[in-house]
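Visitor: A single structure is presented below for examination.
Taken together, the values in this text are just the output of simple stated rules run on the coordinates, not laboratory data. On a predicted model such as this, the values are computed, not experimentally measured, just so you know. Here the Cβ is made from the backbone with ideal geometry for all residues, glycine too, and neighbour counts use every protein chain on show.
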Amino acid sequence: MNYLTYEAYLDEVATLLTELYDLDDDTAIKLVVDAQEAEYFSPHDDHEDMRTLERAKQDAETLFKARQNRVKTQQQQQRSARGKGRMGNKPR
């Protein structure tokens with residue numbers, strides 16, 4: 001089996017994010033960098049067998065879903081905050 005270098009693996013995950021999920025390059029790179037800073041990819045650095053093309057697809061999906069969940073949560077929090085602000089402005 002062919003294993004990617006750590007750097008090539010991160011590049012592949014970013015590329016897959018752009019190809020599979022139509023993210024722009026900057027957003028995809030930021031997702032990978034943020035995940036790297038959070039040590040998501042630390043095991044990949046230590047274990048060559050984790051750096052395959054199939055695993056890159058799985059990691060791209062995981063990162064994208066996590067991003068979608070964060071965006072959804074932020075939107076819900078914003079709606080909730082706006083709703084609370086309106087309640088305080090109701091005439092009595």
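Visitor: Please give the residues of the stretch 2-28, grouped as numeric ranges, whose backbone N is less than 18 Å from a label point set 7 Å along the Cα-to-Cβ vector of L53.
Guide: The answer is 2-21, whose backbone nitrogens lie closer than 18 Å to the label point.
Visitor: So what's the angle, to the nearest 10 degrees on a 0 to 90 scale, between helix 53-87 and the longest Cα principal axis of the chain?
Guide: Result, in degrees: 10.
Visitor: Tilt of helix 25-37 relative to the longest C-alpha principal axis of the chain, in degrees (0 to 90, nearest 10)?
Guide: On a 0 to 90 degree scale, this one is about 80.
Visitor: Another question, if that's okay. Find out how many positive minus negative residues lie around R55, taking Lys and Arg as positive, Asp and Glu as negative, among other residues whose Cβ is under 10 Å from that of R55.
Guide: Overall, the nearby charge balance is -2.
Visitor: About the Cα centre of the stretch 6-87, how large is the charge dipole given +1 on each Lys and Arg Cβ and -1 on each Asp and Glu Cβ? Please answer in debye to the nearest 20.
Guide: 1240
Visitor: Okay, next question. Projecting each Cα onto the charge dipole of the chain (Lys/Arg +1, Asp/Glu -1 at the beta carbon, about the Cα centre), which of Q76, V32, S42 comes out farthest on the positive side?
Guide: Of the options given, the answer is Q76.
Visitor: Take every Cα pair under 8 Å in the chain that's 6+ residues apart, average their separations, divide by the length, and report that relative contact order as a whole percent.
Guide: On the way: 56 pairs, mean separation 32.3, N = 92.
RCO, the chain: 35 percent.
Visitor: Could you work out [θ]222 nm for the chain from helices alone, using -39500 (n - 2.57) per DSSP H run of at least four and dividing by all its residues? Round to the nearest 500 deg cm²/dmol.
Guide: -25000 deg cm²/dmol
Visitor: I've got another one for you. How many Lys pairs in the chain lie less than 26 angstrom apart by Cα atoms, where the lysines are 8 or more positions apart or on different chains?
Guide: Numbers: K30/K57; K30/K65; K30/K72; K57/K65; K57/K72; K72/K84.
Value for the chain: 6.
Visitor: Through the Karplus equation 6.51 cos²θ - 1.76 cosθ + 1.60, θ set to phi - 60°, convert the phi angles of the stretch 12-24 into ³J(HN,Hα) values in whole Hz; use x for Gly and Pro.
Guide: Per-residue couplings from phi come out as 5, 4, 4, 4, 5, 4, 6, 7, 7, 10, 6, 7, 6 Hz.
Visitor: If we count every other residue with Cβ under 14 angstrom of Q68's Cβ, Lys/Arg +1 and Asp/Glu -1, where does the sum land?
Guide: Neighbour charge sum, excluding Q68 itself: +2.
Visitor: Can you list the GluC sites (Glu not before Pro) in the stretch 1-75 that are in a DSSP coil and have 15 or fewer other beta carbons within 10 angstrom?
Guide: E39
Visitor: Using every pair of alpha-carbon atoms in the stretch 6-87, split the distances into 5 Å bins beginning at 0 and state the percent of pairs per bin, rounded to integers.
Guide: P(r) for the stretch 6-87, in whole percents per bin: 3, 15, 23, 21, 12, 8, 7, 5, 3, 2, 1, 0.
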